[in-house]
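Pasting in a structure now, in structure tokens, and then I'll have a few things to ask.
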Amino acid sequence: MEDYLIAGDDTRVRIILHFSERPDFSWFLLRSPHRLVVDLPRTDFAFAEDTVLKRGLILDVRYGSMTDEQSRIIFAAKGPFGVEDVALIENEGKGGYRLVLDLTSASEADFDRAMLERMNAALSATTGAEGEAG
């Protein structure tokens, strides 16, 4: 990952992650504290740690390798939030990709509903893949 950008306030935040190659990624939500977790294949984080700013809804950012094959970025929020959009966009002209994450403040009920939806979608995808292979 080549770059990390964040802009926003306590009600809305946009996070942009720049990659030299198309990343395979997945994301999910956790609570206590409220977090957005982005899983990536093994990733070299090529930006200075002091450039990883916390802004608006985002209270803390942690990242690193989970295993030899997997890396993870965790965005901890000040409170419940919604994931308004997650988009992987190919850069025009200069190559590479950017992962754009748009977050908005939300109620606890909305956060819990979104967290359960992501968990159910992941479970369905895993069950479907196993059913097709069998």
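Specify the residue that is nearest to SER32 (Cα to Cα); the eligible residues are those in segment 53-71 that are small (Gly, Ala, Ser) and surrounded by 12 or more Cβ atoms within 10 Å (Cβ to Cβ).
GLY56
How many residues are of a type in the set (A, V, I, L, M, F, W, C), modelled with pLDDT of 95 or more and farther than 15 Å from VAL37 by Cα if we restrict to segment 88-134?
Going through segment 88-134 one residue at a time, the tally reaches 4.
Also, quick follow-up: What tally of residues in segment 77-98 results from selecting those that are out of contact with any His (no Cβ under 7 Å at 6 or more places or on another chain) and under 15 Å from PHE28 (Cα atoms)?
Result for segment 77-98: 6.
Let's see how each residue does on (1) out of contact with any strand residue (DSSP E or B) (no Cβ under 6 Å at 6 or more places or on another chain); (2) more than 24 Å from ALA125 (Cα to Cα):
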{"position": "THR11", "(1), (2)": "no, yes"}
{"position": "HIS18", "(1), (2)": "no, yes"}
{"position": "PHE28", "(1), (2)": "no, no"}
{"position": "PHE47", "(1), (2)": "no, yes"}
{"position": "THR67", "(1), (2)": "yes, no"}
{"position": "ARG72", "(1), (2)": "no, no"}
{"position": "LYS94", "(1), (2)": "yes, yes"}
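Which condition breaks for LEU123 when tested against (1) free of Cβ contacts under 8 Å to residues at least 60 places away in the same chain; (2) touching a Pro at 6+ places or on another chain (Cβ under 7 Å)?
So the condition that LEU123 fails would be (2).
For segment 8-52, which positions are open to solvent by less than 70 Å² (accessible area, probe 1.4 Å), among the hydroxyl-bearing types (Ser, Thr, Tyr) and outside any helix (DSSP H, G or I)?
Those that are open to solvent by less than 70 Å² (accessible area, probe 1.4 Å), among the hydroxyl-bearing types (Ser, Thr, Tyr) and outside any helix (DSSP H, G or I): SER26, THR43.
Additional query: Among the residues in segment 12-25, are any touching a helix residue (DSSP H, G or I) at 6+ places or on another chain (Cβ under 7 Å) and of a type in the set (A, V, I, L, M)?
No, that holds for no residue.
The values are calculated or read from the model by the stated rules, or taken from the named source; none is laboratory data. Quick caveat: nothing in here was measured; it's all calculated off a predicted structure. Cβ sites come from the backbone with ideal geometry, for glycine too, and all protein chains shown count toward neighbours. The area values use the complete protein model at the heavy-atom level, side chains included, leaving out ligands, DNA and RNA. Shrake-Rupley method; radii C 1.70, N 1.55, O 1.52, S 1.80 Å.
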